[in-house]
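Trainee: After the structure tokens below, expect a handful of questions from me.
The values are calculated or read from the model by the stated rules, or taken from the named source; none is laboratory data. This one's a predicted model, so the numbers in the text were calculated from it and none came from an experiment. Here the Cβ is made from the backbone with ideal geometry for all residues, glycine too, and neighbour counts use every protein chain on show. When the accessible area is computed, the model is the full protein with side chains, heavy atoms only, and any ligands, DNA or RNA have been set aside. Shrake-Rupley method; radii C 1.70, N 1.55, O 1.52, S 1.80 Å.
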Amino acid sequence: MDTAASAPAGTAASAPAGTAASAPAGTAASGSVVGSASGSASGSASGSTAGPPLASRTVFSAAHVVADPCADVSPDGPAAVDWDATLAFRRHLWSHGLGVAEAMDTAQRGMGLDWAGAAELIRRSAAEAEAVGGRIACGVGTDQLAPGPHDLGTVRAAYEEQLALVEETGSQAILMASRALAAAAKTPDDYLDVYAHLLRQAAEPVVLHWLGPMFDPALEGYWGSADLDAATETFLQVISDHPDKVDGIKISLLDARREVELRRRLPDGVRCYTGDDFNYPELIAGDERGFSHALLGIFDPLGPLAAQAVRLLDTGDVAGFRDLLDPTVELSRHLFQAPTRFYKTGVVLLAWLAGHQDHFAMVGGLQSARSLPHLARAYELADELGLFPDPVAAEARMASLLRVYGVDQ
């Protein structure tokens, strides 16, 4: 389908060398790189089980939620979630051997999904993970607090409430960055105190998440300083003070150099999970001094292809891994372009086009957060990569979206 009429000048031309042309034989035309979904909006995968785990890297996909498009709700009201389709998508990820990072930024935490909805999501997904044998880790934050100032004790108690719920489900905890803590903390010591308290209470090692302000402007100055070098020292002190309680760290700063420098300073046994949706192939491949595992939003639409790439890495085929994953970076950079926090709109668009859900609607009405040219280019890039199990159906769905906007094909 030609979407040139709706895309910015110059974007609808053929992809740069090394994208569609270099995809493995049989992928772009047939969609065989992704296979068929193991569960769609129809919920056909109740008997599915998790695929064999990846060996050389631990890989999580931060998964989106599927909205209920027929619910009569307002954008600022409680989220209406289609639970069948949401859980079916997680089965799809597990079937490829990926872990699911649940109730994270990709699931619209703080951007349409409130704590009540996130808590229900965690309970349901954890139960599903246990049923199929899938790996799951869940986000722990403070988003049950009402907007406005809070003291550090209140922030800590909010974290404790969410940590208890996640641990009760048997899931691994991911301590997410907190808007409330960013507002309440006055010094690096405030961060050290809050995190020390939480890590002492954690029953099992957690993942610490450093989410940069490009994803959430309210997190500017996290760890007590807008100077990233100073913030890094505080972050590392949290880890070094409690290495037995930290499974790993997720870095979402979109700065490959800083991530490499930070991972080289981690205590033995503490993993680095890249959250860099711009530079993930090189960071996962690593160098002679180490590598990053992965916890990525882009692995929501790229799940099957990402799993296939890491299985090549499992055999020691670094070149094959890079050949398969490097061409996806253009799509990821497009989806995560500024304002980065709206990347979720493109992620859900691709889930709809790939047949994982029956509509392009999002909680909070976030389907309107990206322009039509942006969405059209996302479709083109994904199609060139062979991400759609049924390219003809994807083309028809994209054409229907264009018609809604008054663009006839």
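Trainee: Out of 366, 302, 313, report the one residue that is within 20 Å of the chain's Cα centre (by Cα) and buried (at least 22 other Cβ atoms within 10 Å of the Cβ). Reasoning before the result, please.
Mentor: Numbers: 366 fails: buried (at least 22 other Cβ atoms within 10 Å of the Cβ); 313 fails: within 20 Å of the chain's Cα centre (by Cα).
On inspection, the qualifying residue turns out to be 302.
Trainee: Of the residues 311, 341, 322, which is of a type in the set (Lys, Arg) and under 15 Å from residue 64 (Cα atoms)? Let's see the steps before the verdict.
Mentor: Working: 311 fails: under 15 Å from residue 64 (Cα atoms); 322 fails: under 15 Å from residue 64 (Cα atoms).
Matching residue, one of 311, 341, 322: 341.
Trainee: Please count how many residues of segment 250-274 are in contact (Cβ under 8 Å) with a residue 60 or more places away in the chain, open to solvent by 30 Å² or more (accessible area, probe 1.4 Å) and basic (Lys, Arg).
Mentor: 1
Trainee: Can you give me the number of residues within segment 150-185 that are crowded, with 22+ Cβ neighbours inside 10 Å and aliphatic (A, V, I, L, M)?
Mentor: Summing the residues that are crowded, with 22+ Cβ neighbours inside 10 Å and aliphatic (A, V, I, L, M) in segment 150-185 gives 9.
Trainee: Which pairs do you get when a residue that is over 16 Å from residue 121 (Cβ atoms), found in segment 82-98, comes within reach of a residue that is assigned to a helix (DSSP H, G or I), reach meaning Cβ atoms under 6 angstrom, with the pair 6+ apart or on two chains?
Mentor: Close Cβ pairs satisfying both conditions: 96/303; 96/304; 96/307; 97/307; 98/303; 98/307.
Trainee: Within segment 123-138, work out how many residues are more than 17 Å from residue 204 (Cα to Cα), open to solvent by 10 Å² or more (accessible area, probe 1.4 Å) and either charged (D, E, K, R) or touching a residue at least 24 places away in the same chain (Cβ under 8 Å) (or both). If you could, list the steps in order and put the result at the bottom.
Mentor: To start, the set of residues in segment 123-138 that are more than 17 Å from residue 204 (Cα to Cα) comprises 123-125, 127-134.
Still in the list and also open to solvent by 10 Å² or more (accessible area, probe 1.4 Å): 123-124, 127-128, 130-134.
Subsequent filtering for residues that are either charged (D, E, K, R) or touching a residue at least 24 places away in the same chain (Cβ under 8 Å) (or both) retains 123-124, 127-128, 130, 132-134.
Going through segment 123-138 one residue at a time, the tally reaches 8.
Trainee: May I ask you to list pairs of residues, at least six apart or on different chains, whose Cβ atoms are under 6 Å apart, with the first in segment 381-409 being β-branched (Val, Ile, Thr) and the second being modelled with pLDDT under 95 and open to solvent by less than 60 Å² (accessible area, probe 1.4 Å)?
Mentor: If the second residue must be modelled with pLDDT under 95 and open to solvent by less than 60 Å² (accessible area, probe 1.4 Å), the pairs left are 407/6.
Trainee: Can you tell me which residue in segment 278-290 is surrounded by the most Cβ atoms within 10 Å (Cβ to Cβ), limited to those that are out of contact with any strand residue (DSSP E or B) (no Cβ under 8 Å at 6 or more places or on another chain) and of a type in the set (A, V, I, L, M, F, W, C)?
Mentor: Among residues in segment 278-290 that are out of contact with any strand residue (DSSP E or B) (no Cβ under 8 Å at 6 or more places or on another chain) and of a type in the set (A, V, I, L, M, F, W, C), the one surrounded by the most Cβ atoms within 10 Å (Cβ to Cβ) is 285.
Trainee: Assess whether residue 351 counts as being under 21 Å from residue 86 (Cα atoms) and buried (at least 21 other Cβ atoms within 10 Å of the Cβ).
Mentor: Values: under 21 Å from residue 86 (Cα atoms): yes; buried (at least 21 other Cβ atoms within 10 Å of the Cβ): yes.
It is true that residue 351 is under 21 Å from residue 86 (Cα atoms) and buried (at least 21 other Cβ atoms within 10 Å of the Cβ).
Trainee: Something else about it: Among the candidates 224, 275, which residue alone is touching a strand residue (DSSP E or B) at 6+ places or on another chain (Cβ under 8 Å) and among the small types (Gly, Ala, Ser)?
Mentor: Working: 224 fails: touching a strand residue (DSSP E or B) at 6+ places or on another chain (Cβ under 8 Å).
Being touching a strand residue (DSSP E or B) at 6+ places or on another chain (Cβ under 8 Å) and among the small types (Gly, Ala, Ser) holds for just one of 224, 275, which is 275.
Trainee: Here are the criteria: (1) in a helix (DSSP H, G or I); (2) farther than 30 Å from residue 260 by Cβ. Tell me which single one residue 195 does not satisfy.
Mentor: It fails just one condition, (2).
Trainee: If you check residue 319 against the conditions, is it assigned to a helix (DSSP H, G or I), out of contact with any strand residue (DSSP E or B) (no Cβ under 9 Å at 6 or more places or on another chain), of a type outside the set (Lys, Arg) and open to solvent by less than 10 Å² (accessible area, probe 1.4 Å)?
Mentor: Numbers: assigned to a helix (DSSP H, G or I): yes; out of contact with any strand residue (DSSP E or B) (no Cβ under 9 Å at 6 or more places or on another chain): yes; of a type outside the set (Lys, Arg): yes; open to solvent by less than 10 Å² (accessible area, probe 1.4 Å): no.
In short, no.
Trainee: In this structure, does residue 120 turn out to be closer than 19 Å to residue 201 by Cβ and not aliphatic (A, V, I, L, M)? So that I can check it myself, show each step before the final result.
Mentor: Numbers: closer than 19 Å to residue 201 by Cβ: no; not aliphatic (A, V, I, L, M): yes.
The answer is no for residue 120.
Trainee: Can you tell me which residues in segment 69-107 are charged (D, E, K, R), under 25 Å from residue 165 (Cα atoms) and open to solvent by 10 Å² or more (accessible area, probe 1.4 Å)? Break it down into steps so the answer makes sense when it comes.
Mentor: So the first thing to find is which residues in segment 69-107 are charged (D, E, K, R), and the list is 72, 76, 82, 84, 90-91, 102, 105.
Restricting the remaining residues to those that are under 25 Å from residue 165 (Cα atoms) gives 76, 82, 84, 90-91, 102, 105.
Residues satisfying the conditions are 76, 82, 84, 91, 105.
Trainee: Please enumerate the residues belonging to segment 139-169 that are within 12 Å of residue 202 (Cα to Cα) and either hydrophobic (A, V, I, L, M, F, W, C) or in a loop (DSSP other than H, G, I, E, B) (or both). Don't jump to the end; show me each part of the working.
Mentor: Going residue by residue through segment 139-169, those that are within 12 Å of residue 202 (Cα to Cα) are 140, 159-168.
The answer is 140, 163, 164, 165, 166.
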